[in-house]
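Engineer: Take a look at this one; I'll ask things after.
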């Protein structure tokens, strides 16, 4: 009897390791948007072809790491001439992808801050994406965004009537993960 009690105590006193899951975003429910502002108009383009992957712990409702990639040619502003010009400006044939790999994740209540390395236009820079997360039974929805400087990524700012767009290229994303 003592031996059985010893083994039961040993088994139940060993901490259970977290069950981390690696999950890709659901394609039909995920979106990445870029926005540019010019004094005369606002430009917005969407891609539903972004690829997002997270490593998460459903038990503690925490995201441990994030990776993402998008083919820049998949962005659609609704104006094919504008999209073609945008692809020329960012050298899409030479740099077809923008990618992100997290270096850290912090969460408080429903907010999330993901720091990491963004590679865009052949240049890698540190960024921080801030957003919100909503957890349900076997799903987490993340909405977030970050800004990048066109000039820091060596991209000449497009101009309309000799007036360049703002330097800030704003990205917003919505990604849904289920397991």
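The values are calculated or read from the model by the stated rules, or taken from the named source; none is laboratory data. Just so we're clear, the structure is a prediction, and the values are computed from it rather than from any experiment. Cβ atoms come from the backbone with ideal geometry, glycine included; neighbour counts cover every protein chain shown.
Engineer: I'm checking my understanding of the structure. Among residues of the range 84-131 that are without any contact (Cβ under 8 Å) to a residue 12 or more places away in the chain and in a loop (DSSP other than H, G, I, E, B), which one is nearest to residue 49 (Cα to Cα)?
Structural biologist: That would be 93.
Engineer: Quick one: residue 5 ticks every box in (1) at pLDDT 90 or above; (2) surrounded by fewer than 13 Cβ atoms within 10 Å (Cβ to Cβ) except a single one, so which number is it?
Structural biologist: For residue 5, the exception is condition (1).
Engineer: May I ask you to list the residues in the range 35-56 that are more than 12 Å from the chain's Cα centre (by Cα), surrounded by 14 or more Cβ atoms within 10 Å (Cβ to Cβ) and in a strand (DSSP E or B)?
Structural biologist: 35, 36, 37, 38, 43, 44, 45, 46, 47, 55, 56
Engineer: Surrounded by fewer than 16 Cβ atoms within 10 Å (Cβ to Cβ), in contact with a strand residue (DSSP E or B) (Cβ under 8 Å, 6 or more places away or on another chain) and modelled with pLDDT of 95 or more, is that true of residue 91?
Structural biologist: no
Engineer: Quick check on my filter: what residues within the range 132-155 are free of Cβ contacts under 8 Å to residues at least 24 places away in the same chain and in a strand (DSSP E or B)? I'd like the intermediate steps shown before the answer.
Structural biologist: From the range 132-155, those free of Cβ contacts under 8 Å to residues at least 24 places away in the same chain are 132, 136-137, 149-151; that's our starting set.
Listed by number, the residues that qualify are 132, 136, 149.
Engineer: Looking only at the range 156-173, filter to residues that are more than 12 Å from residue 145 (Cα to Cα) and outside any loop (DSSP other than H, G, I, E, B); which one of those is modelled with the lowest pLDDT?
Structural biologist: As a first pass, look at the range 156-173 and keep what is more than 12 Å from residue 145 (Cα to Cα): 156-168.
Next cut, outside any loop (DSSP other than H, G, I, E, B) only: 159-160, 163-164, 168.
Values: 159: 89, 160: 86, 163: 92, 164: 95, 168: 97.
Here the residue is 160.
Engineer: While we're looking at this one, here's another question. Only one of these is surrounded by 15 or more Cβ atoms within 10 Å (Cβ to Cβ) and more than 27 Å from residue 93 (Cβ to Cβ): 165, 140. Name it.
Structural biologist: Working: 165 fails: more than 27 Å from residue 93 (Cβ to Cβ).
The unique qualifying residue is 140.
Engineer: Any idea which of (1) surrounded by fewer than 19 Cβ atoms within 10 Å (Cβ to Cβ); (2) modelled with pLDDT of 95 or more; (3) closer than 18 Å to residue 90 by Cβ; (4) out of contact with any helix residue (DSSP H, G or I) (no Cβ under 6 Å at 6 or more places or on another chain) is the one residue 178 doesn't satisfy?
Structural biologist: (3)
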